[in-house]
Amino acid sequence: MSNNNKKIELSAVAETELRLEDAAANVDDEALVSNQREFLGTKHWLVASACVLYSVFHLLVMNVYPLETWVYRLSHVGGGLALGFLIFSAVDIKADGAVARSPLSRLILAGAAVGVLLGFAMFAVILASSLSSGAPSGPDWAMDLFGLPLFLGTLLAMIHCWKFPDERKHSVAFGDILLVLATIAAIGYIIIFARPLQLRAGMPMALPADMWAAIVGVLLVIEITRRLAGMALVIIAGVFVAYSFVGPWLPGIFYHRGYEVKRFFTYIFTDNGILSAPISISSTYIILFVIFAAFLQVTKVGEYFVNFAFAAAGHKRGGPAKVSVFASGLMGMINGTSAGNVVATGSLTIPMMRKVGYRPQTAAAVEAAASTGGQIMPPIMGAGAFIMAEITGIPYVEIVYAAIIPAVIYFLSVYFMVDLAAQKHGMKGLPRSALPKFGKLLRQIYLFTPIVVLIGSLLAGYSVIRCGTLAMASAAVVSWLTPHKMGPMQLFRALEMGARMTLQLVAVCATAGIIVGVIALTGIGSRFSAVLLGLAEHSQLLALGFAMIVSIVLGMGMPTTAAYVVAASVMAPGLINLGIEPLTAHFFIFYFAVMSAITPPVALAAYAGAALSGSDPVKTSVESFKLGLAAFIVPFMFYLSDSMLLQGTWIDAIHVTATASVGVYLLSSSVQGWFFGHANNWVRLGLLAAGITMIEAGWLTDAIGVAAAVALYLVQRRLSPQNAAVLSK
């Protein structure tokens, strides 16, 4: 080997080791969607301590001291809002920290301060009165005057955050402190009066103070969602809220009699709206497993999964791309988010893919397509499995069980795409010397213990919360066998990180609850579903096509969890009425909501990958869509054969898995134009037809598909004899 080659190889080794060592730190920085990354001096530690208390509170309530459901969910939402306003800045921070206060800015901020502080003071009076009497109560004047100044002050504080970005320094802005106080007052009032509100919310006997507290709460939820999830979800939620009031003037199925402000907002801040299934799941399963993921990240146990994937597949043809598939599958078991998976594994795999010759957009697209599977990968599946269990009443373990084969087929389809592209373009793997040593990693196989404990305890029948807690504890214990032992500081860091990573999901689930509440209150979901099903004329396939479109379109505008909740509210009842099994209907909708993360024009996972690779986001999203194209057929496969969801015998499950695997390989070959060599357009068309025949797991259609594939192989061999020598490695 020449000296230059040795230098290049050594450089690759050093770069790989450096990236693997710093992976967790990189993930921490990139995963934050905020413009403000840290605080200076004691402010940072005060906020970090508040995050730790937020995590500890949830763990204690879930495992030791349960609270009344409403109070717990309200505490979850209120704590998430307060931390969100402290941590995530409303606007870009100026590098020089310049302050440019205009007279209008001062006037708005002063008005906000007067309103919020006055409302907060009257809330303090109500709180003191309730504590002294031992029952929810307050002076009439405080109850009557509490809400209006709080509402006006909150509105002015939000306007100030939007319109005067130059007034933000490298610290907590005064406007954000006002929003924290407004959160405490509004959510605190609803917590105090939680039990009476369960009886009078959404009814004529609701009090004006109830209405104002609910309105302020909705405004705060919308504002934190704008900061953490972008304007698309805010606009969609705003349209639904507006629909609640303009219904009397709308035609056809959109007509309803309308609702007065007091009834609507007090209804929305109940378990029919903001406190409904999404927040129920967010306050239990989601935060538990996010903290679990933080434990794995801080102890670097999660990094071991990526190292293991590099050692197993990094030297293969197109190695880093295959590592992306394996690592995303492993990380997806605990991470469960598309963009989060992209950041966690992409910070390693994307530079390595570029090193072996992949274009930046291709490297980002491969990572995005692979990482998207994290949300359908058992046992955690993001929030999808938990919310599906809550909505359908199907036990969580059954949903996870049913998700196994579709997840495997998804990752197989992406793997086939990557492997065929590597064959087509002659991509090589990384030298073994530049990769972690597989033998050394095998001696650390015990680092898989948290996953084994999680899956084993689920199969043993323990509750999901108990399983997550046991897996979390096992991650801490296993870390004591590594150089990265979890001590008090690491525990503090993990709890803080878990709280921070949860905040976006709190915002998204609360806003999704607003939409769900409007759908339930107005009945638009059932009417819209009835119209679509009428158009489908009792055709299940056509109805599923509508469901696919609705799920993907919603997923382009909002996070996939919210997209699934809304699409399921609108479409699932109609699909079930047509005779489709509830599990199949909900899983179909959820699958396509997940796939929206790589579907142009708005493909969030692809955008995250493009940010890491420096590629064009639109081109990256188109290429990621192409890489995931074969997987778009998987939901129709499990609709036509519920054995793919493990609803039949083992023989049927094996048959459908084999059929689906061959089908997605043929479809992948058609998309890539490579089938044991370059395939012309006619061969690609034949591969497409052969792949489609494998959708339904029938012996006749399978025989036709396999026969067509063999015939096409013989055609390929005849057209280009050297193609026969090209075999998969």
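The values are calculated or read from the model by the stated rules, or taken from the named source; none is laboratory data. What you see is a predicted model, and the numbers here were worked out from it, not measured in a lab. We place every Cβ from the backbone using ideal geometry, glycine too, and count neighbours over all the protein chains shown. The accessibility values were calculated without ligands, DNA or RNA, using every heavy atom of the protein model including side chains. Shrake-Rupley method; radii C 1.70, N 1.55, O 1.52, S 1.80 Å.
Reported count of residues in segment 544-579, each being over 26 Å from the mean Cα position of the chain (by Cα) and not in a loop (DSSP other than H, G, I, E, B), is 1. Take the conditions among the hydroxyl-bearing types (Ser, Thr, Tyr) and either closer than 23 Å to Ala364 by Cβ or crowded, with 17+ Cβ neighbours inside 10 Å (or both) and apply them to Thr649. Does it pass? Spelling it out, it is not the case that Thr649 is among the hydroxyl-bearing types (Ser, Thr, Tyr) and either closer than 23 Å to Ala364 by Cβ or crowded, with 17+ Cβ neighbours inside 10 Å (or both). Restricting segment 178-237 to residues that are among the polar types (S, T, N, Q) and open to solvent by less than 10 Å² (accessible area, probe 1.4 Å), the residue that is modelled with the highest pLDDT is Thr183.
Under the condition of being at pLDDT below 90 and open to solvent by 10 Å² or more (accessible area, probe 1.4 Å), which residue from segment 494-513 is farthest from the chain's Cα centre (by Cα)? By that ranking, first place goes to Arg500. For segment 253-266, the count of residues that are over 13 Å from Ala201 (Cα atoms) and part of a helix (DSSP H, G or I) is nonzero. For Ala242, the test of being over 15 Å from Ala520 (Cβ atoms) and surrounded by fewer than 17 Cβ atoms within 10 Å (Cβ to Cβ) is passed. A single entry from Gly468, Gly461, Gly439 fulfils the requirement of being among the small types (Gly, Ala, Ser), at pLDDT 80 or above and farther than 30 Å from Ala679 by Cα: Gly468.
Results for (1) open to solvent by 40 Å² or more (accessible area, probe 1.4 Å); (2) assigned to a helix (DSSP H, G or I), shown as yes or no for each residue.
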| site | (1), (2) |
| --- | --- |
| Val418 | no, yes |
| Thr449 | yes, yes |
| Gly468 | no, yes |
| Pro483 | yes, no |
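Checking each residue in segment 527-541 for being open to solvent by 80 Å² or more (accessible area, probe 1.4 Å) and under 28 Å from the mean Cα position of the chain (by Cα) picks out only Leu541. The residues on offer are Ser661, Ser668, and the sole one that is open to solvent by less than 10 Å² (accessible area, probe 1.4 Å) and assigned to a helix (DSSP H, G or I) is Ser668.
Residues are listed down the side, and each one gets a yes or a no for (1) at pLDDT 65 or above; (2) crowded, with 24+ Cβ neighbours inside 10 Å; (3) of a type in the set (Lys, Arg):
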site	(1), (2), (3)
Phe308	yes, no, no
Pro320	yes, yes, no
Gly336	no, yes, no
Asn341	yes, yes, no
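For segment 251-262, taking the residues that are open to solvent by less than 60 Å² (accessible area, probe 1.4 Å) and out of contact with any Phe, Trp or Tyr (no Cβ under 8 Å at 6 or more places or on another chain), the one that is modelled with the highest pLDDT is identified as Lys262. Entry remark, segment 671-705: residues being in contact (Cβ under 8 Å) with a residue 40 or more places away in the chain, small (Gly, Ala, Ser) and assigned to a helix (DSSP H, G or I) number 2 in total.
When Ile391 is tested against (1) free of Cβ contacts under 8 Å to residues at least 60 places away in the same chain; (2) open to solvent by 10 Å² or more (accessible area, probe 1.4 Å), only condition (1) is not met. Only a single item in (1) among the aliphatic types (A, V, I, L, M); (2) assigned to a helix (DSSP H, G or I); (3) open to solvent by less than 10 Å² (accessible area, probe 1.4 Å); (4) modelled with pLDDT under 75 is not met by Leu330, and it is number (3). Would you pick out the residues in segment 131-147 that are buried (at least 17 other Cβ atoms within 10 Å of the Cβ) and within 21 Å of Ala112 (Cα to Cα)? Ala142, Met143, Leu145, Phe146, Gly147, listed by residue number.
Annotation: Gly273 fulfils all but one of (1) in a helix (DSSP H, G or I); (2) crowded, with 22+ Cβ neighbours inside 10 Å; (3) modelled with pLDDT under 90; the unmet one is (1). If you filter segment 124-163 down to residues that are under 27 Å from Arg195 (Cα atoms) and charged (D, E, K, R), you find that the one that is nearest to the chain's Cα centre (by Cα) is Asp144. Just checking, does segment 583-598 include any residue being farther than 19 Å from Tyr410 by Cα and not acidic (Asp, Glu)? No, segment 583-598 contains no residue that is farther than 19 Å from Tyr410 by Cα and not acidic (Asp, Glu). Of the numbered criteria (1) touching a Pro at 6+ places or on another chain (Cβ under 9 Å); (2) touching a residue at least 12 places away in the same chain (Cβ under 8 Å); (3) open to solvent by 50 Å² or more (accessible area, probe 1.4 Å), the one Ile576 fails is (2). Among the residues of segment 657-672, is there at least one that is modelled with pLDDT of 80 or more and in contact with a Pro (Cβ under 9 Å, 6 or more places away or on another chain)? Among the residues of segment 657-672, at least one is modelled with pLDDT of 80 or more and in contact with a Pro (Cβ under 9 Å, 6 or more places away or on another chain), which makes the answer yes.
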